[in-house]
Amino acid sequence: MLSFNRDFTFDATTAQQRIMDNALNAIKEEKESGRIGYYMLPETSPAVIEELESYSKTNALIAGGKIKNIVIIGIGGSSLGIKAIDSLLAAKQDTSAKLHFLENSDPVNISQTLSKLNKESSLFIVISKSGGTIETTSIFKTVIAHFDLDLNDVDKERVMVITDAGSSLSQFADSYSIKQFNIPLNVGGRFSVLSAVGIVPLTLAGYDTKVLLSAAGAFLDRLFAGEEKHLLEKACYYYENAKELSINVLFSYANDLENLTKWYVQLWGESLGKIDSMGNRVGMTPIGLIGAVDQHSFLQLVIEGPKDKTVTFIKIDDFENDLRIPDISLKHIEKTDFINGKTFNELINAQCDATRQSLIDNDVPTDGITLSKINEENIGTMIIYYELLTSLVGSMLKINTYDQPGVELGKIILYDNLSK
């Protein structure tokens, strides 16, 4: 279960209600017309699970329990969401296989990751929506060479492909009879974690992806049924204050939430940093922080720096870990003895509450999201929450939320420079 609260004032005037109604109708049209497909993933992705379960029975490596490492070869929207969900759930349960990520063109990281893997216990999943992502194809070639993969024979069973139907990567998979799963053409990369992109590896790792999908679908249905009005009001507040409050900070109080904040940064930044229909440059800069660590680095800027930020606090009510501070008194540092005997769960949430109150006292707009605990249900809700918030704000800003022309420009320059 997730709970939501805020301290900023929102009056829901007639004008604001009109903005919210128009945005909700706009994303309803995106869904009903089929132009934007991520809204349908909670309904369509269970079929991906069924297809995967059927294929797994015929794959000797998977069926035989030989796969202990699942290697994700992808970048950006092809890996961030998977990593966010895995990093949260991995500590909560024993998985049938461990997920590894080959994302960046960093030679040291690639070499170190490959050195830890054994070919016989590894399954490689190549993910690229376009099929031609240069980082992904380059790393895949390196994997083939490092493990001497014979894609014409038995090694084809230890490779999967997730891409758009008909892409160059899809054609590659067809030519070698490699199993592929397709991303719906109307689902963008950064909105694709609930498609085969995330569902296939997370299911193989042993997570309950059916619950993940059903929770996302339930929240989406509630929004379209006129419930979850807080989400519309938050979107409208962000939109109306976008120029003055141009920085949105996500302050997450748990180490395992770090990858979720990184996923949010890509989703928010790449979707909303655009030129609007009037030719204006719009968008709000996303920043991800981890508490309590970043209380000792970034908090000073938020409190006494420019008043151009909103801050969302995410905390976990029950970490399901009762580690306590020992009842030990140390000479000269007795002033911290008052915390002795309390759990670290109590400590980190008290730090979260105190930090938030310090911002409220300094007129920094904040809101909060509390997860009752870490499980597939709460994570599925969180994923769809931020996707819907992004779409609503994008509609209000009158931009194309789903393209990324700035990113494509960099790719064009890269290809041109390297080809020379």
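The values are calculated or read from the model by the stated rules, or taken from the named source; none is laboratory data. Just so it is clear, the structure is predicted and the values come from calculations on it, not from any experiment. Virtual Cβ from ideal backbone geometry, glycine too; neighbours counted across all protein chains shown. Side chains included, ligands, DNA and RNA excluded: accessible areas come from the protein's heavy atoms. Shrake-Rupley method; radii C 1.70, N 1.55, O 1.52, S 1.80 Å.
Of all residues in region 305-340 being assigned to a helix (DSSP H, G or I) and of a type in the set (Val, Ile, Thr), which is nearest to TYR264 (Cα to Cα)? Per the criteria, the residue is ILE339. Taken over region 226-254, the criterion of being in contact with a Pro (Cβ under 9 Å, 6 or more places away or on another chain) and in a loop (DSSP other than H, G, I, E, B) is satisfied by ASN241, LEU245.
Residues in region 1-54 that are within 21 Å of ASP164 (Cα to Cα) and β-branched (Val, Ile, Thr): 4 in all. For region 341-368, a residue qualifies if it is buried (at least 20 other Cβ atoms within 10 Å of the Cβ) and either part of a strand (DSSP E or B) or among the aromatic types (Phe, Trp, Tyr) (or both), and exactly one does: THR366.
Could you list, in sequence order, all residues of region 3-26 that are surrounded by fewer than 18 Cβ atoms within 10 Å (Cβ to Cβ) and in contact (Cβ under 8 Å) with a residue 60 or more places away in the chain?
Those that are surrounded by fewer than 18 Cβ atoms within 10 Å (Cβ to Cβ) and in contact (Cβ under 8 Å) with a residue 60 or more places away in the chain: SER3, PHE4, ASN5, ARG6, ASP7, PHE8, PHE10, ALA12, GLN16, ASN22, ALA26.
Against the list (1) closer than 15 Å to LEU194 by Cα; (2) at pLDDT 95 or above; (3) out of contact with any Gly (no Cβ under 7 Å at 6 or more places or on another chain), the condition GLU43 fails is (3).
Based on what the data block shows, is LYS179 basic (Lys, Arg) and either touching a helix residue (DSSP H, G or I) at 6+ places or on another chain (Cβ under 6 Å) or under 23 Å from LYS98 (Cβ atoms) (or both)? So LYS179 fits the description; yes.
If you scan region 256-283, which residues turn out to be open to solvent by less than 30 Å² (accessible area, probe 1.4 Å), polar (S, T, N, Q) and in contact with a strand residue (DSSP E or B) (Cβ under 9 Å, 6 or more places away or on another chain)? Across region 256-283, the qualifying residue is only THR261.
Taking region 146-197, which residues are part of a loop (DSSP other than H, G, I, E, B), under 21 Å from GLU51 (Cβ atoms) and either touching a Ser or Thr at 6+ places or on another chain (Cβ under 7 Å) or open to solvent by 70 Å² or more (accessible area, probe 1.4 Å) (or both)? I'd like the intermediate steps shown before the answer.
To start, the set of residues in region 146-197 that are part of a loop (DSSP other than H, G, I, E, B) comprises 148-153, 165-167, 177-178, 184-188, 192-195.
Remaining after also requiring under 21 Å from GLU51 (Cβ atoms): 165-167, 177-178, 184-187, 192-195.
Answer for region 146-197, where residues must be part of a loop (DSSP other than H, G, I, E, B), under 21 Å from GLU51 (Cβ atoms) and either touching a Ser or Thr at 6+ places or on another chain (Cβ under 7 Å) or open to solvent by 70 Å² or more (accessible area, probe 1.4 Å) (or both): SER167, SER177, PRO184, LEU185, VAL187, LEU194, SER195.
Restricted to region 56-132, the set of helices (runs of 4 or more DSSP H) holding at least 1 residues that are within 16 Å of the chain's Cα centre (by Cα) comprises 80-89.
Being over 19 Å from TYR237 (Cα atoms) and of a type in the set (Val, Ile, Thr) is the filter; apply it to region 284-293 and report the residue that is most open to solvent (accessible area, probe 1.4 Å).
Taking the candidates together, the pick is VAL293.
All told, GLU29 falls short of being in contact (Cβ under 8 Å) with a residue 40 or more places away in the chain and open to solvent by 20 Å² or more (accessible area, probe 1.4 Å).
If the condition is being hydroxyl-bearing (Ser, Thr, Tyr), within 20 Å of ALA235 (Cα to Cα) and either part of a helix (DSSP H, G or I) or at pLDDT below 80 (or both), then region 378-417 contributes THR381, TYR385, TYR386, THR390, SER391, SER395.
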